[in-house]
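Report on one structure; see the data block that follows.
The values are calculated or read from the model by the stated rules, or taken from the named source; none is laboratory data. As the structure is a computational prediction, the values presented were derived from the model and not from experiment. All Cβ positions, even for glycine, are placed from backbone atoms using ideal geometry, and neighbour counts span all protein chains on display.
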Amino acid sequence: MVITTIVVGILSAFSIPSMIGITSQNQVKATTDQIKNLFQEAQRQSIRTGKICTVTVSATTTSADAFISSTPPGCLSTAPVFLRSQLKISTVDFPSTVTISYRGNVAFDWGTNTSPPSPPALIVVQSPSAKQQSCLTLTPGLGIIRTGIYNTSTSTCLPSL
């Protein structure tokens, strides 16, 4: 009985850190998928209603709440959408405002920046306890949305397997 308890305790000690990492990675993937689904929903609503939708992304550099909102009302079924507070959501060459036309095309609002960075624009989602960072790429023009694994050394979004 005592030996069984000791063996279970040792196995638990090795498996708990692994489970925490897996849970964190699943949260990162779920949040990236949520962001992707929100942009796809805004594209569908723009096409369906024949109206221009403006989507605003509020990224964070800390673990504070990041959110996505849209105008006019109806572009997103629930807006603003707050994302998981324990995750860090950052952007790489991503504007704070994205305009989606009635055809589903995407345009970026760079504000006063006369020379916008070259596409693609990235949203990076990471967890303090996850080893990999997940990313979402949104290209101007056709508005192609793709998710993948963020490569920190090249600042690119690699396709996930």
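For the stretch 135-152, the criterion of being surrounded by 16 or more Cβ atoms within 10 Å (Cβ to Cβ), modelled with pLDDT of 75 or more and over 16 Å from the mean Cα position of the chain (by Cα) is met by at least one residue. Checking residue 76 against (1) within 27 Å of residue 19 (Cβ to Cβ); (2) surrounded by 17 or more Cβ atoms within 10 Å (Cβ to Cβ); (3) at pLDDT 80 or above, which single condition isn't satisfied? Among (1) within 27 Å of residue 19 (Cβ to Cβ); (2) surrounded by 17 or more Cβ atoms within 10 Å (Cβ to Cβ); (3) at pLDDT 80 or above, residue 76 violates only (1). Under 25 Å from residue 160 (Cα atoms), at pLDDT 75 or above, touching an Asp or Glu at 6+ places or on another chain (Cβ under 9 Å) and not β-branched (Val, Ile, Thr), is that true of residue 117? No; evaluated as a whole, the condition is false for this residue. Note on the stretch 26-63: among residues that are assigned to a loop (DSSP other than H, G, I, E, B) and within 24 Å of residue 149 (Cβ to Cβ), the one that is modelled with the highest pLDDT is 59.
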